[in-house]
Amino acid sequence: MLRIHGIARSRAFRCIWAAEEAGLAYEVVPTGFGPGLKAAMAGINPNGKIPALEDGGLLLFESLAINLHLGAKAGPPLMPAGDDASRVLQWTLWAATEAEPAAMQWAYNTFIRPADQRDPAQAAAGAEALAARLQVLEAHLAAGGPWLLGAAFTMADCNLASVLYGAAMNGFDFSPCPRVKAWLDACLTRPAALAARKQREG
Ligand SMILES: N[C@@H](CCC(=O)N[C@@H](CS)C(=O)NCC(=O)O)C(=O)O
């Protein structure tokens, strides 16, 4: 059985959601934050972080790479072939390199750090950067949809929506991009997403 190391309140949430979408049996090995994390992940993730995946003899780190692996195990439509496989990679890398840094800059300075360690200027810069990226997504969804690759939900949707989950749950203003908001709502209310959210949100 697949073993997902981490807790649903971490980025392991992304992998739990992906495993649910893929219909794969998994267990969560509950490794949480704190001073013991690096020691607990020794031999599993050289970065000393969560999540990590054990799939037989394969050890993987990086939440979105884990999800691509889970998608590949499930096959189409979650992980399509040919040019659409490249599109899934494109949106996954966009999620990691364009959306996540901006979303985290906003998140750290809005709700993650203790109030006295938040910098409002950094929060505003993160919000502005994320809003700019979301306009790209808005235009993309206006030209197609309802999912990132068109008719079928794929791991691209799971990966990008899971990166935007924190913003969606913590009051980021999506009103300038109604198509993004509708797409994100649709992603986050899928049965697999709700199953993962139940583990995270209780
Ligand atoms: N890019 C990595 C980030 C992993 C990461 O930063 N995980 C956090 C929890 S969500 C962690 O383990 N933090 C503990 C630390 O940085 O010491 C991924 O997506 O898997």
Filter region 172-202 down to the residues that are of a type in the set (D, E, K, R) and closer than 25 Å to G23 by Cβ, then identify the one that is surrounded by the most Cβ atoms within 10 Å (Cβ to Cβ).
R197
Conditions first: (1) under 16 Å from V163 (Cβ atoms); (2) buried (at least 17 other Cβ atoms within 10 Å of the Cβ); (3) away from the ligand (no atom under 11 Å from the Cβ); (4) not assigned by TED's automatic domain parsing to the domain that holds C15. V136 passes all but one, so which condition is the exception?
(2)
I'd like the full set of residues that are of a type outside the set (G, A, S), more than 10 Å from the ligand (Cβ to nearest atom) and free of Cβ contacts under 8 Å to residues at least 12 places away in the same chain, limited to region 12-66.
L58
Those residues of region 141-171 which are more than 14 Å from the chain's Cα centre (by Cα) and crowded, with 22+ Cβ neighbours inside 10 Å, in sequence order:
L148
Quick check: anything in region 115-126 buried (at least 20 other Cβ atoms within 10 Å of the Cβ) and in a helix (DSSP H, G or I)?
yes
Please give the number of the condition L53 fails out of (1) surrounded by fewer than 20 Cβ atoms within 10 Å (Cβ to Cβ); (2) not in a helix (DSSP H, G or I).
(1)
Can you tell me which of (1) in a helix (DSSP H, G or I); (2) closer than 29 Å to A22 by Cα; (3) not basic (K, R) is the one Q105 doesn't meet?
(2)
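The values are calculated or read from the model by the stated rules, or taken from the named source; none is laboratory data. Every value quoted in this text rests on a predicted model; they were computed, and no experiment measured them. Positions of Cβ are backbone-derived with ideal geometry, glycine not excepted, and every protein chain shown enters the neighbour counts.
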